Amino acid sequence: MKINKSFILIIALILVIIYLAYSVVDKSITLSYSNQGCESARADIDNVISLIEREWRGMDMEQIAYKLKNSSINKKAVNSQIKMENDLIWYGDVRFIFSSDRLVKVEY
């Protein structure tokens, strides 16, 4: 029984199409889970920032800097994470915004 070259090419093409379709579906599912995880993490960050803002509002810059330095898990790296400017304290990417030397807002 002789197998035609075109038959082999058609089978190979069908297998490639099936693999590519599977790959697209798999990547789409992975991306969906990844987006869901990012949204959940963002909601958690927003909740923690809201909690800190509510609990620490009205404290002065020195109190906030002290709390950030002492509550950090990695005490060695904390000094490089805290940057104090005129009316701001940067803790990584989080901004503690002050007005009249009192905390008024926390932003991420």
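Out of contact with any strand residue (DSSP E or B) (no Cβ under 8 Å at 6 or more places or on another chain) and part of a loop (DSSP other than H, G, I, E, B): is that true of ILE45 in this structure?
So ILE45 fails the test.
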As an exercise: evaluate ILE3 against (1) of a type in the set (Val, Ile, Thr); (2) out of contact with any helix residue (DSSP H, G or I) (no Cβ under 8 Å at 6 or more places or on another chain); (3) surrounded by 10 or more Cβ atoms within 10 Å (Cβ to Cβ); (4) at pLDDT below 95 and give the number of the one condition it does not meet. (3)
Output for Cβ contacts, cut-off 6 Å, separation at least six or different chains, first residue among the charged types (D, E, K, R) in region 86-101, second surrounded by fewer than 16 Cβ atoms within 10 Å (Cβ to Cβ), reads ARG95/LEU88; ARG95/GLU107; ASP101/ASP60
From LYS67, LYS5, LYS27, which residue is basic (Lys, Arg) and closer than 30 Å to TYR91 by Cα? LYS67
Filter region 56-74 for residues that are surrounded by fewer than 10 Cβ atoms within 10 Å (Cβ to Cβ) and out of contact with any strand residue (DSSP E or B) (no Cβ under 7 Å at 6 or more places or on another chain) and give the result. ASN70, SER71, ILE73, ASN74
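When you scan region 61-108 for strands (runs of 3 or more DSSP E) that lie fully inside it, which ones turn up with 1 or more residues that are at pLDDT below 90?
Because the criterion is at least 1 residues that are at pLDDT below 90, the strands (runs of 3 or more DSSP E) in region 61-108 that meet it are 82-84, 88-91.
The values are calculated or read from the model by the stated rules, or taken from the named source; none is laboratory data. Quick caveat: nothing in here was measured; it's all calculated off a predicted structure. Using ideal geometry, Cβ is built from the backbone for each residue, glycine included, and neighbour counts are taken over all protein chains shown.
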